[in-house]
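None of the figures in this text is laboratory data; all of them are computed from the coordinates on show. Since the structure is predicted, the reported quantities are computational estimates derived from the model, not experimental observations. Virtual Cβ from ideal backbone geometry, glycine too; neighbours counted across all protein chains shown.
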Amino acid sequence: MQIRILIVDDEPAIAESLSEILRAAGYEVAMATSGEDAVRDAEKFSPEILLTDVLMPAMNGFELALRVKEMLPNCRLLLFSGQASTAQLAKEESERFTRMGYRFELLPKPLHPDALLKVLEESLTRAA
């Protein structure tokens, strides 16, 4: 059975390139370009991993991660951002997630494909 990954980025080109990389590596991938679409997709797709951008309009990646985690408690959360300004937000959200018993990993953007695949393997190994 393939591991299912839901990729979310409001920049379609980024979401598409990540999807291609992960499909080529043998993952089953669904892609969304908004938090709202991702919530609907998560209900249908039931991903084992959520890979989402942090800064998106309407619903940011942290809000999305919480919604998905409430629906799918075993889903692993990987968030990525290319903005240095997300550091404070990530610290605050990390504290909130910890209080709720959740954890996430924050990755830099852009992320080299080999580094992304390594992070995914490590995440799956830790959760096993």
> When Rg and Dmax of the Cα atoms in Å is calculated directly from the model, which label among (1) 14.4, 52; (2) 14.7, 44; (3) 13.2, 38 fits?
Replying inline: (3)
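Would you mind ranking T98, T33, T125, T52 by Cβ crowding within 10 Å, fewest neighbours first? Can you show the working numbers first?
On the way: T98 11, T33 18, T125 8, T52 29.
So the residues, fewest neighbours to most, are T125, T98, T33, T52.
Please rank E95, E20, fewest neighbouring Cβ atoms within 10 Å first, as an exposure proxy.
Details: E95 10, E20 13.
Lowest count first: E95, E20.
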>> Taking amide H atoms as placed 1.01 Å from N in the peptide plane, list the residues 5 or more away in sequence, or in a different chain, whose amide H sits under 5 Å from that of R76.
In response: I49, L50
>> Please enumerate, by chain and number, the lysines with C-alpha under 21 Å from the C-alpha of K91, excluding those fewer than 8 residues away in the same chain.
In response: K69, K109
> Which of S17, S94, S34 moves most in a GNM of the chain, Cα contacts under 10 Å?
Replying inline: S17
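Output the relative contact order of the chain, whole-number percent, from Cα pairs under 8 angstrom with separation of 6+ residues. Could you put the intermediate results ahead of the total?
On the way: 186 pairs, mean separation 27.2, N = 128.
So the answer I get is 21 percent.
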